[in-house]
Amino acid sequence: MLRFLTAGESHGPCLLAIIEGLPAGLPIDLDQINLELSRRQRGYGRSHRMKIEQDRVEILSGVINKITTGAPLALRIENRDWANWKEKWEQGLLEPLTVPRPGHADYAGMIKYRFDDARPILERASARETAARVAVGAIAKQLLAQFGIMVGSYVCQIGSVVANIPSRPYPELWAEAEASDVRCPNSEDGERMKMAIDEARRNKDTLGGIFEVQAVNVPVGLGSHVHWDRRLDARIAMAMLSIQAIKGVEIGPAFENASLPGTQVHDDLFLDSNGGVTRFTNRAGGIEGGMSNGNPIVVRAAMKPIATTGTPPQSVDIVNGRAAAPVYQRSDICAVPAASVIGEAMLAWVLAEALVEKLGGDSLEEMKR
């Protein structure tokens with residue numbers, strides 16, 4: 001079984017991740033992991049903290065001579081902002097945050113864990129944790145690449161600006177998204193998205209949006225139909241919804257399919273020139289009956305606007321029971337481009353997990369055989 005855990009707080013010393021179950025013999029490219037971390041930090045509308053952190057990963061165990069050993073792999077990402085918090089943090093001088101911020105984990109966490117201070121909740125609930133997940137996903141991508149599987153993404157919508165996505169192969173769209181500040185493969189629509197973000201900033205507001213993640217060259221048969229928790233689409237949906245501020249997920253054009261008759265939704269099967277089976281549509285998003293069907297896997301996720309806005313929301317001081325405004329903390333105006341990179345990491349992880357489950361093996365050589 002392949003699994004991972006993360007640990008760490010938003011303003012603590014570091015983030016940690018432990019991966020268990022990686023096959024031995026997998027080459028690890030540290031520069032590629034750091035590149036993925038850099039991709040997460042880029043994007044129009046991000047906060048000043050992205051200039052502070054400049055994330056780099058340190059591998060603490062599980063790799064010798066740049067090759068996995070089969071032992072648990074431990075990763076560490078330093079929080080550079082820790083230097084600004086260390087003294088107050090260690091001496092217990094951080095001022096309690098007694099007014100929960102609507103739209104965050106603050107209120108539910110304070111009630112659940114019996115805290116009068118939201119800080120222990122927000123420090124762990126923060127999307128800063130996703131830096132560790134992107135590092136984990138980067139390693140999953142390196143495993144998938146050994147089998148020719150590639151994962152990429154682009155942004156389809158920010159606020160009310162919906163992009164007209166060109167009809168081109170996914171790798172070409174991914175390359176165009178990489179050149180965009182908002183990860184949109186349509187440059188004109190990308191500029192409109194940036195204008196919408198600028199307007200939200202002037203209005204002391206935030207924007208959400210929709211991104212799409214795809215995986216190509218996925219073999220038939222990852223996942224299973226036999227149990228609810230082994231269905232590949234269910235596992236992907238859970239992984240995507242675990243990303244902070246993601247509130248909706250669809251596999252393929254699922255919500256559009258819901259309005260069509262069945263005869264317009266099925267992906268018919270045809271014989272190709274080599275006697276194999278092919279399809280000319282992919283309305284199932286690459287998954288049927290909880291299993292990959294050989295088509296590209298296509299996942300769309302909806303991100304709500306960032307809950308921290310420059311316009312104070314209404315709230316209540318949990319300690320004195322009076323109406324109060326939460327303390328404003330620096331925040332992104334829009335994090336949809338970053339979320340698409342995190343979505344790549346989570347899809348790559350689920351596919352790597354399913355691949356190890358399907359092929360078995362304690363080593364990369366055994367998996368390939």
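Here's a check for you: in the range 285-305, which residue that is open to solvent by 30 Å² or more (accessible area, probe 1.4 Å) and assigned to a loop (DSSP other than H, G, I, E, B) is farthest from residue 218 (Cα to Cα)?
It comes out as 305.
Right, residue 361: touching a helix residue (DSSP H, G or I) at 6+ places or on another chain (Cβ under 6 Å), over 21 Å from residue 134 (Cβ atoms), in a loop (DSSP other than H, G, I, E, B) and not acidic (Asp, Glu) or not?
Values: touching a helix residue (DSSP H, G or I) at 6+ places or on another chain (Cβ under 6 Å): yes; over 21 Å from residue 134 (Cβ atoms): yes; in a loop (DSSP other than H, G, I, E, B): yes; not acidic (Asp, Glu): yes.
For residue 361, the condition - touching a helix residue (DSSP H, G or I) at 6+ places or on another chain (Cβ under 6 Å), over 21 Å from residue 134 (Cβ atoms), in a loop (DSSP other than H, G, I, E, B) and not acidic (Asp, Glu) - is met.
Any residue at all in the range 137-151 that is farther than 30 Å from residue 32 by Cα, among the basic types (Lys, Arg) and either assigned to a loop (DSSP other than H, G, I, E, B) or open to solvent by 30 Å² or more (accessible area, probe 1.4 Å) (or both)?
Initial filter on the range 137-151 (farther than 30 Å from residue 32 by Cα): none.
No, the range 137-151 contains no residue that is farther than 30 Å from residue 32 by Cα, among the basic types (Lys, Arg) and either assigned to a loop (DSSP other than H, G, I, E, B) or open to solvent by 30 Å² or more (accessible area, probe 1.4 Å) (or both).
Test residue 273 against the criterion of being open to solvent by less than 50 Å² (accessible area, probe 1.4 Å) and over 25 Å from residue 157 (Cβ atoms), and give yes or no.
no
Within the range 221-235, can you find the residues that are surrounded by 12 or more Cβ atoms within 10 Å (Cβ to Cβ) and assigned to a loop (DSSP other than H, G, I, E, B)?
Of everything in the range 221-235, those that are surrounded by 12 or more Cβ atoms within 10 Å (Cβ to Cβ) and assigned to a loop (DSSP other than H, G, I, E, B) turn out to be 221, 222, 224, 225, 231.
Just for the range 245-271: of the residues that are part of a loop (DSSP other than H, G, I, E, B) and in contact with a strand residue (DSSP E or B) (Cβ under 9 Å, 6 or more places away or on another chain), which one is farthest from residue 220 (Cα to Cα)?
Taking the candidates together, the pick is 245.
Out of 182, 161, 155, I need the residue that is open to solvent by less than 20 Å² (accessible area, probe 1.4 Å), out of contact with any Pro (no Cβ under 6 Å at 6 or more places or on another chain), modelled with pLDDT of 95 or more and β-branched (Val, Ile, Thr). Which one?
So the residue among 182, 161, 155 that is open to solvent by less than 20 Å² (accessible area, probe 1.4 Å), out of contact with any Pro (no Cβ under 6 Å at 6 or more places or on another chain), modelled with pLDDT of 95 or more and β-branched (Val, Ile, Thr) is 161.
Answer with yes or no whether residue 123 is loosely packed, with under 14 Cβ neighbours inside 10 Å and among the acidic types (Asp, Glu).
In short, no.
Does residue 95 fit the bill of being outside any strand (DSSP E or B), out of contact with any helix residue (DSSP H, G or I) (no Cβ under 7 Å at 6 or more places or on another chain), open to solvent by 60 Å² or more (accessible area, probe 1.4 Å) and on the phi < 0 side of the Ramachandran plot?
When the stated conditions are applied, residue 95 passes them.
Filter the range 306-318 for residues that are among the hydroxyl-bearing types (Ser, Thr, Tyr), within 28 Å of the chain's Cα centre (by Cα) and open to solvent by less than 40 Å² (accessible area, probe 1.4 Å) and give the result.
Across the range 306-318, the qualifying residues are 308, 309.
The values are calculated or read from the model by the stated rules, or taken from the named source; none is laboratory data. None of the values given here were measured: they were computed from a predicted structure. Quick reminder, even Gly has a Cβ in these numbers, built from the backbone with ideal geometry, and neighbours come from all protein chains shown. When the accessible area is computed, the model is the full protein with side chains, heavy atoms only, and any ligands, DNA or RNA have been set aside. Shrake-Rupley method; radii C 1.70, N 1.55, O 1.52, S 1.80 Å.
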